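Q: This is the structure I want to talk about, given as structure tokens.
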There are 2 protein chains.
Amino acid sequence: MAQPKKAASIWDVARLAGVSHQTVSRVVNGSPRVAAATRDKVLDAIAELGYRPNRLARSLAGGAVESVTVLAADTSLYGPEAALRGIEKAARSLDWSVQISVLDPADTHSDADIIARLPRAGEPTIIMAHDEPGMRAKQVLLDTQPQAMVAIGPYTAEELAASPWLVGMDDGKAAAEATKYLLDLGHETVHHLAIPTSTGTFGGGKAHRAEGWSRTLREAGREVPDPVPSGWTFAEAFKAVQPLVADPSVTAILCGNDHLALATLRAAHLAGRSVPGDLSIVGFDNTPFTAYTTPALTTVNQDFESVGRGAFELLRHRIDGSNPRPKPSWPEPELIVRETSGPPRPRS
Amino acid sequence: MAQPKKAASIWDVARLAGVSHQTVSRVVNGSPRVAAATRDKVLDAIAELGYRPNRLARSLAGGAVESVTVLAADTSLYGPEAALRGIEKAARSLDWSVQISVLDPADTHSDADIIARLPRAGEPTIIMAHDEPGMRAKQVLLDTQPQAMVAIGPYTAEELAASPWLVGMDDGKAAAEATKYLLDLGHETVHHLAIPTSTGTFGGGKAHRAEGWSRTLREAGREVPDPVPSGWTFAEAFKAVQPLVADPSVTAILCGNDHLALATLRAAHLAGRSVPGDLSIVGFDNTPFTAYTTPALTTVNQDFESVGRGAFELLRHRIDGSNPRPKPSWPEPELIVRETSGPPRPRS
DNA sequence: ATAACTCGAGTGATCGTTAACATCACTCGG
DNA sequence: CCGAGTGATGTTAACGATCACTCGAGTTAT
């Protein structure tokens, strides 16, 4: 087995180039105060040794912070995944490195566990706080290092504007919009298949999508049916939605996300109800597959990527006050009407 | 704004506890040679200051390597995402931290760019080498630090057994199995909508799924139609598959992954062809949504999570030869028959 | 002609942690 | 009663990089 010979350090380069280690550092970091001839010598030595600076040592030495850690429980959902992409892009363009730590939803992490995820105290952190483990992590970080953390989640416009460490989108408004659309179509009322709230059990924590939906119904003077709680998976949603699709009086269902909507579509099909003839289904998030189901899902688009970008900018501001505080903003939700929604069948 | 007061270091704890910093280090690392009374004092001090060890400094000081970096281009695909989950879990259980660096497929990274992703020379790295940026990264790492890298990708059993830094699944065999299934159903031949190969353009690099498919057809003495190249996105697949669904002589399509299969299903529906009556469609990967489409997709299950776990184990072995070399293994593909496949309609 | 300034490069401290070695107080056997 | 062993600590030196200084030589200003 080949001897894993130690990697070259800045001193090795310095020795080979016949200069001091500091000069090498200057070359590497692009300092202007180094003669061209010296620079070339150093560059040659770097190439010959295959030297690459050690990021760990760099940030230890008090160089500028250059990494973010993202804490998330479920990156298989489209929302978090897209937000992550936004963070990645924004960070990458500034040469920050991005570390992702996945919180296990099954596992009950102790507070110390969560903190141990961070490579160092004060590590800049972005938390995907859309579910229970995320909310938990948010609280822990808020207690230990509030200056270097930002959370992404669904909130109302007021909450977003008020909190200096929060970024997100106005889920309530998006839900209201979708609900209004269904009512305008002529549906008597709209049922709701709800994603779990941040506290894990439905009804406990905040549920902005459900709130926007119920508020709209109330304002329109309609009956507000009990929301149906579902888990995050297809299987859970499929099971939870059964009573809804079996009930012929239900003509419209607003689903908490597109996964639930797909499961609802499937359940409706198996129950022999035609969509959108007998039943209108509206999803949430505009997950890529929604445009290609049959029938294609009507859904609400959310620009998660820009939310991720926003989170990174806010974090930079909070770490280093000199960066301008990006003004709180949230992308406008946009209803995308496809084929699973339509007017209810006239009563016979 | 609250002064971001510096985090407590091992020295601060030592001072407060009235011991040397080394004793604190011993307590933190669970060394046995510390008196119980001293340990308690130190523990108290740690609690009071909210001290947490700095991972960066720890590994700088030559402590055991404890992090992996995963290089991947597209984590939105189910395969890489699941493999990543496998790596995460395996790493987490050993208290390693996982860093994920997303390679931008659009961006053309220079070799130096790729290397700069790693926090230090010799950083243990796992590469998702299923697409062009991944293959590129694999080559770069193989040149610079072959001892500390492992690649995940689709390969034949022979390739996997031969290469000491490769982990993956036998895509060719899986494709062969699916193709054989369709032939046994009575289809004259099977068409193939192919994912991009590792070199980006179809036909250039290796395409194990396509190879397994064509080999099976040849062995059965059937005509081998030209495979139809597609991109990774739904939109590209939808466009690419048009000629296939428009051709009534096509009765079976094996798709390179489930995304392509969903797009094909949609295209077939819009072209007025019934599935599986007129056309059988088989996907690849058993992405979660496939069980909930209408009709539900027949597909080939691959245990990506165990591949990810295997990659991590192999990496550990390669870094530290004392760990037993996990014997090369790859999960058996499993055909999952749902509703998009059936015998061809008898000729009229 | 001499003080003042500029430019290029070197020296030493520092970051937080662990490894290796040194020290010191006991206990135990002869 | 003394040397060896042992268990609990302290001391010093890395690790790889940056930063704040310092210093000498050449240029410019007075």
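Q: Can you confirm whether A:Trp96 is of a type in the set (Phe, Trp, Tyr) and within 16 Å of DNA strand C (Cβ to nearest atom)?
A: no
Q: Also, quick follow-up: Of all residues in the range A:68-83 being in contact with a helix residue (DSSP H, G or I) (Cβ under 7 Å, 6 or more places away or on another chain) and open to solvent by less than 30 Å² (accessible area, probe 1.4 Å), which is farthest from DNA strand D (Cβ to nearest atom)?
A: Among those that are in contact with a helix residue (DSSP H, G or I) (Cβ under 7 Å, 6 or more places away or on another chain) and open to solvent by less than 30 Å² (accessible area, probe 1.4 Å), it is A:Gly79.
Q: Oh, and also: Confirm whether A:Ile127 is hydrophobic (A, V, I, L, M, F, W, C) and either open to solvent by 10 Å² or more (accessible area, probe 1.4 Å) or under 17 Å from B:Arg52 (Cα atoms) (or both).
A: Values: hydrophobic (A, V, I, L, M, F, W, C): yes; either open to solvent by 10 Å² or more (accessible area, probe 1.4 Å) or under 17 Å from B:Arg52 (Cα atoms) (or both): no.
Criteria not met by A:Ile127.
Q: Just to check your reading of the model, which residue among A:Ser274, A:Ser341, A:Ser329, A:Ser280 is hydroxyl-bearing (Ser, Thr, Tyr) and under 17 Å from the mean Cα position of the chain (by Cα)? Spell out the reasoning first.
A: Working: A:Ser274 fails: under 17 Å from the mean Cα position of the chain (by Cα); A:Ser341 fails: under 17 Å from the mean Cα position of the chain (by Cα); A:Ser280 fails: under 17 Å from the mean Cα position of the chain (by Cα).
Among A:Ser274, A:Ser341, A:Ser329, A:Ser280, only A:Ser329 is hydroxyl-bearing (Ser, Thr, Tyr) and under 17 Å from the mean Cα position of the chain (by Cα).
Q: Moving on to the next point. Given the conditions (1) of a type outside the set (A, V, I, L, M, F, W, C); (2) in a loop (DSSP other than H, G, I, E, B); (3) in the same structural domain as B:Val98 (by TED's automatic domain parsing), which single one is not true for B:Gly342?
A: (3)
Q: Among the residues of the range A:29-58, which ones are free of Cβ contacts under 8 Å to residues at least 24 places away in the same chain, within 11 Å of another protein chain (Cβ to nearest Cβ) and either aliphatic (A, V, I, L, M) or crowded, with 20+ Cβ neighbours inside 10 Å (or both)?
A: If we filter the range A:29-58 for residues that are free of Cβ contacts under 8 Å to residues at least 24 places away in the same chain, which is where we start, we get A:29-40, A:43, A:47, A:56-58.
When the remaining residues are screened for being within 11 Å of another protein chain (Cβ to nearest Cβ), the result is A:47, A:56-58.
The answer is A:Ala47, A:Leu56, A:Ala57.
Q: Can you tell me which residue is least open to solvent (accessible area, probe 1.4 Å) among those in the range B:89-106 that are more than 11 Å from chain A (Cβ to nearest Cβ) and more than 28 Å from A:Tyr51 (Cα to Cα)?
A: Looking at the filtered set, the residue picked out is B:Ala90.
Q: If you take the residues in the range B:258-272 that are over 14 Å from B:Val228 (Cβ atoms) and of a type outside the set (A, V, I, L, M, F, W, C), which one is surrounded by the most Cβ atoms within 10 Å (Cβ to Cβ)?
A: B:His259
Q: Of the residues A:Thr251, A:Thr287, A:Thr340, only one is under 27 Å from A:Leu84 (Cα atoms), in contact (Cβ under 8 Å) with a residue 12 or more places away in the chain and open to solvent by less than 60 Å² (accessible area, probe 1.4 Å); which? If you could, list the steps in order and put the result at the bottom.
A: Numbers: A:Thr251 fails: under 27 Å from A:Leu84 (Cα atoms); A:Thr340 fails: under 27 Å from A:Leu84 (Cα atoms).
Going through A:Thr251, A:Thr287, A:Thr340 in turn, the sole match is A:Thr287.
Q: Please go through the range A:42-68 and pick out each residue that is more than 8 Å from DNA strand C (Cβ to nearest atom) and more than 18 Å from A:Ala7 (Cα to Cα). Spell out how you get there, then give the answer.
A: First pass over the range A:42-68, keeping only residues more than 8 Å from DNA strand C (Cβ to nearest atom): A:42-56, A:58-59, A:63-68.
Within the range A:42-68, A:Ser59, A:Gly63, A:Ala64, A:Val65, A:Glu66, A:Ser67, A:Val68 meet the criteria.
Q: Take the range B:208-243 and flag every residue that is over 21 Å from B:Ala106 (Cα atoms), modelled with pLDDT under 95 and open to solvent by 20 Å² or more (accessible area, probe 1.4 Å).
A: Scanning the range B:208-243 gives B:Arg209, B:Glu211, B:Glu223.
Q: Which of the residues spanning the range B:324-334 are surrounded by fewer than 17 Cβ atoms within 10 Å (Cβ to Cβ) and of a type outside the set (D, E, K, R)?
A: First pass over the range B:324-334, keeping only residues surrounded by fewer than 17 Cβ atoms within 10 Å (Cβ to Cβ): B:324-329, B:332, B:334.
Scanning the range B:324-334 gives B:Pro324, B:Pro326, B:Pro328, B:Ser329.
Q: Step by step: first the residues of the range A:5-24, then only those that are polar (S, T, N, Q) and part of a loop (DSSP other than H, G, I, E, B), then the one that is farthest from DNA strand D (Cβ to nearest atom). Which residue is that?
A: So the first thing to find is which residues in the range A:5-24 are polar (S, T, N, Q), and the list is A:9, A:20, A:22-23.
Next, only the ones that are part of a loop (DSSP other than H, G, I, E, B) stay: A:9, A:20.
Working: A:Ser9: 3, A:Ser20: 9 Å.
Filtering the range A:5-24 for residues that are polar (S, T, N, Q) and part of a loop (DSSP other than H, G, I, E, B), the one farthest from DNA strand D (Cβ to nearest atom) comes out as A:Ser20.
Q: Return a yes/no flag: does the range A:255-267 have any residue that is more than 18 Å from A:Ser341 (Cα to Cα) and of a type in the set (A, V, I, L, M, F, W, C). Step through it out loud before you land on a result.
A: Taking the range A:255-267 first, the residues more than 18 Å from A:Ser341 (Cα to Cα) are none.
Taking every residue of the range A:255-267 in turn, none turns out to be more than 18 Å from A:Ser341 (Cα to Cα) and of a type in the set (A, V, I, L, M, F, W, C).
Q: Looking only at the range B:80-106, count every residue that is among the small types (Gly, Ala, Ser), more than 17 Å from A:Ala82 (Cα to Cα) and not in a strand (DSSP E or B) and tell me the total. Please lay out each step first, then the result.
A: Of the residues in the range B:80-106, the ones among the small types (Gly, Ala, Ser) are B:82-83, B:86, B:90-91, B:93, B:97, B:101, B:106.
From what's left, more than 17 Å from A:Ala82 (Cα to Cα): B:83, B:86, B:90-91, B:93, B:97.
Subsequent filtering for residues that are not in a strand (DSSP E or B) retains B:83, B:86, B:90-91, B:93.
Within the range B:80-106, residues that are among the small types (Gly, Ala, Ser), more than 17 Å from A:Ala82 (Cα to Cα) and not in a strand (DSSP E or B) number 5.
Q: Could you check the range B:107-165 and list, in sequence order, the residues that are farther than 20 Å from B:Asp320 by Cβ, within 12 Å of chain A (Cβ to nearest Cβ), assigned to a loop (DSSP other than H, G, I, E, B) and without any contact (Cβ under 8 Å) to a residue 40 or more places away in the chain?
A: Within the range B:107-165, B:Asp107, B:His109 meet the criteria.
Q: Additional query: Of these, B:Arg325, B:Arg345, which one is among the charged types (D, E, K, R) and away from chain A (no Cβ under 14 Å)?
A: Numbers: B:Arg325 fails: away from chain A (no Cβ under 14 Å).
Residue meeting the stated conditions: B:Arg345.
Q: Sort out which residues of the range B:290-304 are under 20 Å from B:Gly168 (Cβ atoms) and surrounded by fewer than 20 Cβ atoms within 10 Å (Cβ to Cβ), and write them in order of number. Spell out the reasoning first.
A: Within the range B:290-304, the first condition is being under 20 Å from B:Gly168 (Cβ atoms), and the residues that meet it are B:299-304.
Of everything in the range B:290-304, those that are under 20 Å from B:Gly168 (Cβ atoms) and surrounded by fewer than 20 Cβ atoms within 10 Å (Cβ to Cβ) turn out to be B:Asn301, B:Asp303.
Q: Also, I was wondering about something else. Please work out if A:Ser274 is more than 12 Å from every other protein chain (Cβ to nearest Cβ) and in a loop (DSSP other than H, G, I, E, B). Please lay out each step first, then the result.
A: Details: more than 12 Å from every other protein chain (Cβ to nearest Cβ): no; in a loop (DSSP other than H, G, I, E, B): yes.
Judged against the criteria, A:Ser274 is not a match.
Q: Could I ask something else about it? Is it true that B:Gly86 is open to solvent by less than 50 Å² (accessible area, probe 1.4 Å), modelled with pLDDT under 95 and outside the structural domain of B:Ile195 (by TED's automatic domain parsing)? I'd like the intermediate steps shown before the answer.
A: Values: open to solvent by less than 50 Å² (accessible area, probe 1.4 Å): yes; modelled with pLDDT under 95: yes; outside the structural domain of B:Ile195 (by TED's automatic domain parsing): yes.
Answer is yes for this residue.
Q: Can you tell me which of A:Arg52, A:Arg33 is within 16 Å of DNA strand D (Cβ to nearest atom), more than 30 Å from B:Pro164 (Cα to Cα) and out of contact with any Pro (no Cβ under 8 Å at 6 or more places or on another chain)? Explain how you work it out, then say what you get.
A: On the way: A:Arg52 fails: more than 30 Å from B:Pro164 (Cα to Cα).
Among A:Arg52, A:Arg33, only A:Arg33 is within 16 Å of DNA strand D (Cβ to nearest atom), more than 30 Å from B:Pro164 (Cα to Cα) and out of contact with any Pro (no Cβ under 8 Å at 6 or more places or on another chain).
Q: Residues to consider are A:Ala175, A:Ala72; find the one that is in the same structural domain as A:Ala194 (by TED's automatic domain parsing) and in contact with a Ser or Thr (Cβ under 9 Å, 6 or more places away or on another chain).
A: A:Ala175
Q: Separate question: Residues of the range A:217-239 being at negative phi and away from chain B (no Cβ under 14 Å), which ones?
A: To start, the set of residues in the range A:217-239 that are at negative phi comprises A:217-220, A:222-239.
Hits for the range A:217-239 are A:Leu217, A:Arg218, A:Glu219, A:Ala220, A:Arg222, A:Glu223, A:Val224, A:Pro225, A:Asp226, A:Pro227, A:Val228, A:Pro229.
Q: Scan the range A:59-81 and report the pairs whose first residue is more than 11 Å from chain B (Cβ to nearest Cβ) and whose second residue is surrounded by fewer than 18 Cβ atoms within 10 Å (Cβ to Cβ), with Cβ atoms within less than 6 Å and a gap of 6+ or a chain change.
A: A:Ala73/A:Pro105
Q: Restricting attention to the range B:277-308, which residues are within 11 Å of chain A (Cβ to nearest Cβ) and under 24 Å from B:Lys206 (Cβ atoms)?
A: Scanning the range B:277-308 gives a single hit, B:Thr287.
Q: Within the range A:40-55, can one find any residue that is among the charged types (D, E, K, R) and within 10 Å of the chain's Cα centre (by Cα)? Quick ask: steps written out before the conclusion?
A: Here is the first cut: in the range A:40-55, the residues among the charged types (D, E, K, R) are A:40-41, A:44, A:48, A:52, A:55.
Next, only the ones that are within 10 Å of the chain's Cα centre (by Cα) stay: none.
Checking the range A:40-55: not a single residue is among the charged types (D, E, K, R) and within 10 Å of the chain's Cα centre (by Cα).
The values are calculated or read from the model by the stated rules, or taken from the named source; none is laboratory data. Just so it is clear, the model here is predicted, and its values are computed rather than measured. All Cβ positions, even for glycine, are placed from backbone atoms using ideal geometry, and neighbour counts span all protein chains on display. Areas reflect the complete protein model, heavy atoms only, side chains present, ligands, DNA and RNA absent. Shrake-Rupley method; radii C 1.70, N 1.55, O 1.52, S 1.80 Å.
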